[in-house]
Amino acid sequence: ARHVEVQVLADGHGGVVHLSHRDCTLQRRYQKLIEEAPAPNLPGNLGAEILDAATRLIGSLDYEGAATCEFLVDAERATYGFLEINARLQVEHPVSEAITGIDVVREQLRIAGGERLSFGQDDVVPRGHAIEARINAERPESDFMPTPGLLEEWAAPIGSDVRVDTACFPGWTIAPYYDSLLAKVVATGADRTQAITRLRHALRHLHVRGVATTARFAHDVLGHSDVVEGRIHTRWLEDVFLEDWTPMEVA
């Protein structure tokens, strides 16, 4: 199955709007590693049905704020099932922002202040494609063992089509007590192929010294033919990719 989700915002004044869908199928042990928007290769009207289901669900709950409705999708049978609602802002929200131009955090603050959403559903016009890679302080070749320690050097890639969300800086000590996420690297493109190419280029230009990261792993995953052609499922990383992958340090 694939993991497809919908970003929804509800303002408490009857405004309930979705920001298209995302695909979060590339996971390890059911933890998301690479996310993209919109979800590619959804057959027929399945994408529209999922968007409608998510919007109606949140609208029925008297909900206020940002929420993500998550679904498991069987693309071959063109069916889907409800998984859960995450009643918060999620790590992967930047890909939804990238294709819609809508600042989700800004809208959350408006809602918290009792205001209406600043846009309606007709104003949401997804453009292009966006892909995000989570960069963790982990060593993939050692079963993703965390690598806390001193971040001796850190230089994020830059570009008009690249966004990096991070708090990293040279001299920061990464503690072993918390989540190992260092950064989110997001690339946009006119289409999925261009977005993948730009993200792989950005990952090659992420410079890290002092700790091992998952940058090369993400770079290589994005270059695999199954990913490029959309032949993946939630167990694909473990069942297919990691069986044959030969790691090389890129950062």
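The values are calculated or read from the model by the stated rules, or taken from the named source; none is laboratory data. Since we're looking at a predicted model, the values are computed, not measured. All Cβ positions, even for glycine, are placed from backbone atoms using ideal geometry, and neighbour counts span all protein chains on display.
Out of the residues in the range 152-183 meeting the condition of being among the polar types (S, T, N, Q) and either assigned to a loop (DSSP other than H, G, I, E, B) or touching a Pro at 6+ places or on another chain (Cβ under 6 Å) (or both), tell me which one is surrounded by the most Cβ atoms within 10 Å (Cβ to Cβ).
Taking the range 152-183 as the starting set, the residues that turn out to be among the polar types (S, T, N, Q) are 160, 166, 173, 180.
Subsequent filtering for residues that are either assigned to a loop (DSSP other than H, G, I, E, B) or touching a Pro at 6+ places or on another chain (Cβ under 6 Å) (or both) retains 160, 180.
Numbers: Ser160: 6, Ser180: 20.
Within the range 152-183, the match that is surrounded by the most Cβ atoms within 10 Å (Cβ to Cβ) is Ser180.
Considering every residue within the range 202-216, establish whether at least one is farther than 19 Å from Arg28 by Cβ, small (Gly, Ala, Ser) and touching a residue at least 24 places away in the same chain (Cβ under 8 Å).
yes
Could you tell me whether any residue of the range 230-250 is at pLDDT 95 or above, in a helix (DSSP H, G or I), of a type in the set (S, T, N, Q) and over 24 Å from Pro126 (Cα atoms)?
So far as the range 230-250 goes, no, none of its residues is at pLDDT 95 or above, in a helix (DSSP H, G or I), of a type in the set (S, T, N, Q) and over 24 Å from Pro126 (Cα atoms).
If you go through the range 29-54, how many residues are surrounded by 19 or more Cβ atoms within 10 Å (Cβ to Cβ) and of a type in the set (D, E, K, R)?
Selection size over the range 29-54: 3.
Table: residues versus (1) among the basic types (Lys, Arg); (2) in contact with an Asp or Glu (Cβ under 6 Å, 6 or more places away or on another chain); (3) assigned to a strand (DSSP E or B); (4) loosely packed, with under 12 Cβ neighbours inside 10 Å.
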{"position": "Glu97", "(1), (2), (3), (4)": "no, no, no, no"}
{"position": "Arg106", "(1), (2), (3), (4)": "yes, no, no, yes"}
{"position": "Phe119", "(1), (2), (3), (4)": "no, no, no, no"}
{"position": "Val125", "(1), (2), (3), (4)": "no, no, no, yes"}
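Based on what the data block shows, is Glu84 among the acidic types (Asp, Glu) and in contact (Cβ under 8 Å) with a residue 60 or more places away in the chain?
On the way: among the acidic types (Asp, Glu): yes; in contact (Cβ under 8 Å) with a residue 60 or more places away in the chain: no.
No; evaluated as a whole, the condition is false for this residue.
Of all residues being farther than 19 Å from His93 by Cα and either assigned by TED's automatic domain parsing to the domain that holds Val185 or among the charged types (D, E, K, R) (or both) in the range 55-81, which is surrounded by the most Cβ atoms within 10 Å (Cβ to Cβ)? Just the residue, please. Please lay out each step first, then the result.
Let us first name the residues in the range 55-81 that are farther than 19 Å from His93 by Cα, namely 56-57, 59-62, 73-81.
When the remaining residues are screened for being either assigned by TED's automatic domain parsing to the domain that holds Val185 or among the charged types (D, E, K, R) (or both), the result is 56, 62, 74, 76-77.
Numbers: Arg56: 11, Asp62: 8, Asp74: 14, Glu76: 8, Arg77: 9.
That would be Asp74.
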